[in-house]
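Each reported figure results from applying straightforward, stated rules to the coordinates on display, with no laboratory input. As the structure is a prediction and not an experimental result, all values here were calculated from the model. Methodologically, a virtual Cβ is constructed for each residue, glycine included, from the backbone with ideal geometry; neighbour enumeration extends over all protein chains shown.
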Amino acid sequence: MNPNFSHPPITKTRTICGYCGVGCSLDLLVRDNRIIGVQPAMDGPANEGALCVKGQFAYDYVHHPERLTHPLVRGADGQLHQATWDEALDRAAAGFTQVAAKHGRHAVYGVASGRTPTEADYLMQKFIRVGFGSHYIDNCSRA
Amino acid sequence: MSNPLSDMEKPDVIFCIGTNMTEAHPVAATRLKKAIARGAKLIVADPRRIRLAEMADIYLPIRVGSDVALLLGMAHVIARDGLYDLDFMSARTEGFEEFLDHVGQFTPTWAAGITGVPAADIERAAILYGSAKPGAIFYTLGITEHICGVENVQSLCNLALMTGNLGKVGGGINPMRGQNNIQGAGDSGAIPNNYVGFQPVTNPAIQAKFEKAYGRPLDAEKGITKVTALDRCGESIFAMLIDGENTVVSDPDQQHCVHALKSLEHLVVIDIFLTETGELADVVLPAAAWAEVDGHFTNTERRIQRVRKAVEPPGEAQPDWWIISEIAKRMGMKGFDYSSAVPVFNELCELSPIYAGIDWELAESGQYQWPIPYKGHPGTPRLHETEFTNGRGKFSFTHYRDPAEVIDDAYPVWLTTGRRLESYHTRTQTGRSQGIDYLLAEETLEVHPEDVHAWGLVDGGWAEMSSRRGTVKIRVEATRRSPRGTVFASFAFPEVPINQLTGSGYDPITETAELKVCPVRVVAV
């Protein structure tokens, strides 16, 4: 086979659109760890083959160069600096522990996302309830 | 939604109020178009002459914030003309005689005086919906983002209850959820009043169940909403963990919001980009995005659907479930030793009565709509078919009240805000998508052509728009989508921060901001 015509294989992964609440089913076309296209799922229960302009075309943000690729921690100079996961997670955890010790367990608040998977939302509320025994948790449904 | 999306093709009469569905939920709107092609009639109530209004058999251009008056006027006509379903009301509701009495005072002429819609059109709409077999109601944030959001929803429930349009194929009350998984966020207990599966935190038996599951004492009182928490930042709230929300741009009264977050001693933001909110944080943690994680979204018809990982996240980005668990473990919390999203979802299902009938394996099919109370249950595409959750349906004795702020000499124009087809929320995603940026590159203020002339503006020129909370500069677009005296803009573009202006008031029960009504002054610059 002429090597000039060989391409890495395209894989297809069924998922759900990440935009509005209709929940359209679609197939992601991926080559070399990059999304190269979206196909509407004809058997998607919510969309039956339809997609809107966002669901069909607005997927390239996933590979945008501005994606966060490392944790950031604010330094003594007031700026955000690249940090390791260990440094960032320790700093995040210590801050919550210190605030709760200083101001009480009702001084910590959690805001979960309407964009993340349900598993992330469940753990956000568990973090607040297990960590502080309060119900100081909400999500972005009020704005 | 009380009914499945597939039911959208089946009503005789469709009543859309406060929903710009062709832009905000385009694929759902295609089902309404199919129903209309089949012969269904469409009633649209909206201050703006949106695309749906152009398709309507009856269009009711109500003044912003006057929904309750319209709906009371319609209930009056349905009661007066005997268009109600007496069998349904007798069998499934309570207090209907008092309700029929209550609406006797709200004549179409009274409603016309408040809404600005001719009484004859209110009558026609009421008779059309009241005679429908079945009639379906659809609404979005145009109903809920008001100081009277609860009364708006209750007024819609009254119409459906009195006409028996609940628990029926092609009927129902159907709120369209705005975000891909806002339903899942509520389902999973990320709210201050309920645990997972809408189990009230104030119920002692439920409290005991979760104290056992989570291994620690838990408050018997509700928490506070995000709106209240932002109000108390620097006073009693000193730390926040925010996951995937650009609070600074999406929330009302931006200056207040920025001040609140800056007054915290500790702010941790988990996100996929460095948002305006992340810029204020002490620690920013990079999350894996959509297409990079496994999990579930629950859609507007309560359908639980699997999302799958197709590509690796960039750099060191990690799934949210891993990030939150790692912070928890480093604080010494127990019960966060997860190996993947699978045991997280299974734990959620075990604790949630409405997900009890599924687990990770069963959810694979995407066929389940909650509630799924036990294994082997097929799920519930349509709510309220035989009974309501709390027994009999209750009518609400609603009254009209004015928005938090009304127009006056200083701020003589109504601003209403909303979404556009091409952008999503604060454009963290769609603003970084090349084709989308080409389709919609900047925000504009939609002004009626005669107002453009009367206010000395120029189509395509610049205007300065001020409310009691701030001022923004925005390009003017002359369009008859806006009625005289009312202007429209979206909050999508951080460089035109419309939410510097909003925040005039909040619904006292839900604490949802009145983002749909804000008196402003518009001047040419």
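Take the Cα coordinates of the protein assembly as shown, assign each an equal point scatterer, and use the Debye formula without solvent to give log10 I(q)/I(0) at q = 0.10 Å⁻¹.
With no solvent term, the Cα-only Debye profile gives -0.95.
Could you give each residue of segment B:326-339 its phi-based ³J(HN,Hα) in whole Hz, using Karplus coefficients 6.51, -1.76, 1.60 with θ = phi - 60°, and x for Gly or Pro?
5, 4, 4, 5, 6, 8, x, 6, 9, x, 10, 8, 9, 9
Want the number for B:Asp57 to B:Glu495: 0.36 nm per residue separation, take away the alpha-carbon distance, what's left? Please list the in-between numbers first.
Values: separation 438, 0.36 × 438 = 157.68 nm, distance 3.85 nm.
Gain on stretching B:Asp57 to B:Glu495: 153.8 nm.
I need B:Trp462, B:Trp360 ordered by Cβ neighbour count within 10 Å, fewest first. Don't skip to the answer; put the middle values down first.
Working: B:Trp462 13, B:Trp360 20.
By the 10 Å Cβ count, ascending: B:Trp462, B:Trp360.
Fully extended, how many nm does the chain gain between B:Glu211 and B:Ala120 (0.36 nm per residue separation, minus their Cα-Cα distance)? Before the final figure, lay out the partial values.
On the way: separation 91, 0.36 × 91 = 32.76 nm, distance 5.78 nm.
Net length gain for the segment: 27.0 nm.
How crowded by other chains is A:73-83, given as the mean number of beta carbons from other chains within 10 Å of each beta carbon?
Details: counts 5, 6, 0, 0, 0, 0, 0, 7, 0, 1, 3.
Mean shielding by partner chains, rounded to a whole number: 2.
Any chance you could give the angle, 0 to 90 degrees and rounded to 10, that helix A:118-132 forms with the longest Cα principal axis of chain A?
Relative to chain A, helix A:118-132 is tipped by roughly 10 degrees.
Over the whole of B:303-309, what's the average partner chain Cβ count within 10 Å per residue? Rounded to a whole number, please. Present the calculation step by step, with values, prior to reporting the outcome.
On the way: counts 5, 2, 10, 5, 11, 5, 3.
Mean partner-chain Cβ count within 10 Å for B:303-309: 6.
Let's test the formula: R0 of 35 Å, r as the Cβ-Cβ distance of B:Asp402 and B:Glu442. What FRET efficiency results, to the nearest 0.05? Mind dumping the intermediate values first?
On the way: r = 33 Å, r/R0 = 0.96.
Rounded to the nearest 0.05, the efficiency is 0.55.
Once each part is reduced to its C-alpha centroid, what is the distance from segment B:71-134 to segment B:455-498 in angstrom?
Using only Cα atoms to place each centre, the spacing works out to 37 Å.
Could you point to the residue in B:Ser131, A:Ala92, B:His453 farthest towards the positive end of the protein assembly as shown's charge dipole, with +1 and -1 charges on the Cβ of Lys/Arg and Asp/Glu respectively?
The residue sitting most towards the positive pole is B:Ser131.
Under a point spin-label approximation (7 Å from Cα along Cα-to-Cβ), what is the A:Ala76-B:Lys329 distance to one decimal in nm?
Taking the two extended label points, one gets 3.1 nm.
Between B:Glu364 and A:Thr69, what is the label-point separation in nm under the 7 Å Cα-to-beta-carbon projection?
That separation, rounded to one decimal, is 3.5 nm.
Among B:Tyr355, B:Tyr438, which comes first, second and so on when ranked by fewest other beta-carbon atoms within 10 Å?
Numbers: B:Tyr355 28, B:Tyr438 9.
In increasing order of surrounding Cβ atoms, one gets B:Tyr438, B:Tyr355.
Taking 56 Å as R0, compute the FRET efficiency from the Cβ-Cβ separation of B:Thr386 and B:Arg484 and round it to 0.05. Display every interim value, and only then the final one.
On the way: r = 48 Å, r/R0 = 0.86.
Efficiency computed from Cβ-Cβ geometry: 0.70.
Just add up the charged neighbours of B:Gly164: K/R +1, D/E -1, any other residue whose Cβ is under 12 Å from the Cβ of B:Gly164.
Details: positive: B:Arg92, B:Lys133, B:Lys168; negative: B:Asp85, B:Asp87.
Summing Lys and Arg as +1 and Asp and Glu as -1 gives +1.
Pop the C-beta distance of B:Ser6 and B:Asp81 into the FRET formula with R0 = 35 Å and round what comes out to the nearest 0.05. Show your work: numbers first, answer last.
On the way: r = 32 Å, r/R0 = 0.91.
Rounded to the nearest 0.05, the efficiency is 0.65.
Listing A:Trp85, B:Trp321 from the residue with the fewest other Cβ atoms within 10 Å to the one with the most, what is the order? Spell out each step's value before the answer.
Details: A:Trp85 16, B:Trp321 29.
Least crowded to most crowded, the residues run A:Trp85, B:Trp321.
Determine the alpha carbon to alpha carbon distance for each of A:Lys126/B:Lys222; B:Lys41/B:Lys394; A:Lys54/B:Lys226 and list only those over 18 Å. Provide the component values of the computation, followed by the final result.
Details: A:Lys126/B:Lys222 15 Å; B:Lys41/B:Lys394 28 Å; A:Lys54/B:Lys226 29 Å.
Listed pairs above 18 Å: B:Lys41/B:Lys394; A:Lys54/B:Lys226.
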